[in-house]
1. Of 42, 5, 93, which is farthest towards the positive pole of the chain's charge dipole, taken about the Cα centre with +1 and -1 on the beta-carbons of Lys, Arg and Asp, Glu respectively?
2. Heavy atoms only, probe 1.4 angstrom, no DNA, RNA or ligands counted: give me 19, 52 ranked by accessible area, highest first.
3. With +1 on each Lys and Arg Cβ and -1 on each Asp and Glu Cβ, how big is the dipole of segment 1-96 about its Cα centre, in debye rounded to the nearest 20?
4. With a 1.4 Å probe and every protein chain left in place, tell me how much accessible area residue 88 has, in Å² to the nearest 10.
5. Just by accessible area at a 1.4 angstrom probe, what is the order of 101, 17 from largest to smallest?
6. Classify the chain as rounded, prolate or oblate, taking a ≥ b ≥ c as the square roots of the eigenvalues of its Cα gyration tensor: rounded when a/c is under 1.5, otherwise prolate if a/b is larger than b/c and oblate if not.
7. What is the percent carbon and sulfur in the accessible area of segment 14-115, measuring with a 1.4 Å probe over the protein chains and ignoring ligands?
8. How much accessible surface does residue 30 have with a 1.4 Å probe, in Å² rounded to 10?
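The values are calculated or read from the model by the stated rules, or taken from the named source; none is laboratory data. All of these numbers come straight from a predicted model, not from anything done at the bench. All Cβ positions, glycine included, derive from the backbone under ideal geometry; neighbour counts span all protein chains shown. In case anyone asks, the SASA skips ligands and DNA or RNA and just uses the protein heavy atoms, side chains included. Shrake-Rupley method; radii C 1.70, N 1.55, O 1.52, S 1.80 Å.
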Amino acid sequence: QVQLVESGGGLVQAGDSLRLSCAASGSTFDITVMGWYRQVPGKQREMVAQIRRGEATTYASSVKGRFTISRDDAWNAVILQMNSLKTEDTGNYYCLARTLSHDFWGQGTQVTVSS
């Protein structure tokens, strides 16, 4: 089992920056991928950024060049640095930890970007 706790969401203005953190505990040695997903009401949860063992990263096209995902060496935390925020970045952001057998999710943290 992996437990995830997100923090760092809030209300910001367009153009501002925000840093989301996700603390992982439990069987973190089993994690193969960590990432951030975003969900808005009435829409499916969508991938924002992922980082794999071996450091390969993937970003949604809408955030490339503005967001950066990183993790600590022990896979105990993953960070999403969000710069040049836009109103369309608004949503509930969820942390993901993926093992070979299961996806684990955090409780989510709300990000609201005002114009």
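1. Final value for the positive-end residue is 42.
2. On the way: 19 130, 52 105 Å².
So the residues, ranked largest to smallest area, are 19, 52.
3. Working: 10 positive and 9 negative charges, 48 e Å.
Result for segment 1-96 is approximately 240 debye, rounded to the nearest 20.
4. 120 Å²
5. Working: 101 110, 17 65 Å².
Solvent-accessible surface, decreasing: 101, 17.
6. prolate
7. Carbon plus sulfur share of accessible area: 47 percent.
8. Approximately 70 Å² for this residue.
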